Amino acid sequence: MTTRLYSHPIYLEHLTPAGHPERPDRLRAIERALEDETFETLDRAEAPEGDEQTILYAHPESFVDSVRRQVPEEGLARIDGDTVLSPKSWQAALTAIGAANAAVDDVFSKKIDNVFVASRPPGHHAEKTTAMGFCLFNNAAIAARHAQKKHGAERVAIVDWDVHHGNGTQDIFWDDPSVLYCSTHQMPLFPGTGAKSETGTGNIVNAPLSPDTGSDHFREAFRSRVLPALDSFAPDLIIISAGFDAHHRDPLAEINLTEADFDWATGQLMDRAARHSSDRLVSLLEGGYDLHGLAFSVAAHVNRLMKG
Ligand SMILES: [Zn+2]
């Protein structure tokens, strides 16, 4: 497998207040983990800046303008209690989108089998017209639409194993049967959405997990709900909203996964990508707030992407 890694120094310049879990050190921890010689053959690339027009694939112009207007010239500006902008946040967000779209281009070019994008800010809580939950724009949703518009993908699946429900992705594709959204997440937990009964046009598959559960429940949710949905949908591309905050060390939730579970889930999705999507798999970093848990989990995930 040829696996590409996108990163960019601008992602470290999206700043949040002291004590905020979504912080630049997350990417430094990932970078250190991927310095190991195991990852020597990883194809490392600098993320390109995104095309602003592609933000409109998932968000209306009035919303995009309002986020841009709130970016401060100095210091921090708050969109809500959790979601913060610093002077370089616009450029970081645009470069996160640039990497997600470039990753899609790469896997459709056939030169690269799969891609991991280590970017900030994350995206899956960003609804059509609401930035929230540390997220400004919905990177995964924009990348899915980019695959459809630029590469003619008919069906795109987004699998979201972040411990929080991706309310934003669900909101954007609620009535769009060309995109399958599957999520495993803790419930109850922020943002409160993600019940099994939320099914969109049949294209939304939520698999909520109770607090204090772990590997068995997660894998069972994958086997009984996520994987069968992927098999019947037969996507042209699989995008992973790869949050690693279901790790047992994570301070924001109570699901007890280990890096072995992320390794396993990655393998399952690679198997489905091989079966349905000519191996095309794009993985975008979402959450994960314990630096050790995050580093171990990303290492296991990327190692699996490389090994097949
Ligand atoms: Zn999360």
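The values are calculated or read from the model by the stated rules, or taken from the named source; none is laboratory data. All values derive from a computational prediction rather than experimental measurement. Cβ sites come from the backbone with ideal geometry, for glycine too, and all protein chains shown count toward neighbours. Only protein heavy atoms, including side chains, enter the accessible area calculation; ligands, DNA and RNA are left aside. Shrake-Rupley method; radii C 1.70, N 1.55, O 1.52, S 1.80 Å.
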>> open to solvent by 10 Å² or more (accessible area, probe 1.4 Å), out of contact with any Leu (no Cβ under 8 Å at 6 or more places or on another chain), free of Cβ contacts under 8 Å to residues at least 60 places away in the same chain and among the acidic types (D, E): which single residue out of E46, E31 fits that description?
In response: E46
>> Out of K110, K88, I need the residue that is more than 28 Å from R219 (Cα to Cα), more than 16 Å from the ligand (Cβ to nearest atom) and in contact with a Ser or Thr (Cβ under 9 Å, 6 or more places away or on another chain). Which one?
In response: K110
> Is segment 206-227 home to any residue that is under 16 Å from S297 (Cβ atoms), among the hydrophobic types (A, V, I, L, M, F, W, C), within 16 Å of the ligand (Cβ to nearest atom) and modelled with pLDDT of 95 or more?
Replying inline: yes
>> Need the failing condition index for A300 against (1) over 23 Å from E154 (Cα atoms); (2) open to solvent by 40 Å² or more (accessible area, probe 1.4 Å); (3) small (G, A, S); (4) at pLDDT 95 or above, just the number.
In response: (2)
> Which ones in segment 142-165 are in contact with a helix residue (DSSP H, G or I) (Cβ under 8 Å, 6 or more places away or on another chain), within 16 Å of the ligand (Cβ to nearest atom) and of a type in the set (A, V, I, L, M)?
Replying inline: I158, V159
> Are there any pairs, at least 6 apart or on different chains, whose C-beta atoms fall under 7 Å, with the first in segment 69-96 and in contact (Cβ under 8 Å) with a residue 12 or more places away in the chain and closer than 18 Å to P21 by Cα and the second in a loop (DSSP other than H, G, I, E, B) and open to solvent by 60 Å² or more (accessible area, probe 1.4 Å), and if so, which?
Replying inline: L76/L15; V84/L76; L85/L76; S86/L15; S86/L76
>> Condition first: open to solvent by less than 10 Å² (accessible area, probe 1.4 Å) and either within 13 Å of the ligand (Cβ to nearest atom) or at pLDDT below 95 (or both). Now tell me which residues in segment 254-283 satisfy that.
In response: I255, L257
